[in-house]
Amino acid sequence: MAKKALRDPTESTTRGCYGNLRTFETPGASCIIGRRQGLNYCGVRASERLAEMDLPYVQRYQPTMRMIGRKYCIDPALIAGIMSRESYGGNVLVNGGNVGSGNGLVQTGGVQHIPTYWTSETRVNQVTEILIKRIKEIQRKFPTWTTDQYLRGGLCAYNEGIGYVRSNQDLSCDFCNDVLARGRYYQRRGF
């Protein structure tokens, strides 16, 4: 009788329709982000350290991210990466949910929607819809790109606006590089 292959317990239950985080090469956080967060280093190491610091806060929302990940066919670890980058997992929300110019757990980089609750499933759902919308806009704008390019473009457009992405030269924005590295960290932690 053949043995059944065991599933890696740290493997995410949803890989997503928009790319597999494990296949992405990314330089991680810029040195500016690393220094801003009090680190004297940058790159993937900085992204992973920042994600690790946010892990206790992000874990509170893991069931919500898994549910929304299944609903939208997007890796929950990617949502966790965005949450870590944008609000430190909700650890620094002030004034009813604001961090800088954004609002809520997963800031929207200039895309303004008034959420019902700043830290709710509704809010995470809303901004996941915005990310999916950006990815689909990139797909329409650049129909010959790969799935990975669509996700990178969608992440850059999520943060910088759709006009930011004019060619494949624009797919290495700091937001995208940092979120992908943080997302991979969270994927290894079971998101």
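Read-outs throughout are calculated quantities, based only on the coordinates presented, and are distinct from any laboratory measurement. Everything numeric here is computed off the predicted structure, so don't read it as measured data. Please note: Cβ atoms are built from the backbone with ideal geometry, for glycine as well, and neighbour counts cover all protein chains shown.
Annotations
- Where a label projected 7 Å from the Cα of residue 23 along Cα→Cβ would reach, residues of region 134-164 with amide N under 15 Å: 145-153
- Here the peptides 144-150, 49-55 are ranked by packing, the mean other Cβ count within 10 Å, and the order with the highest first is 49-55, 144-150.
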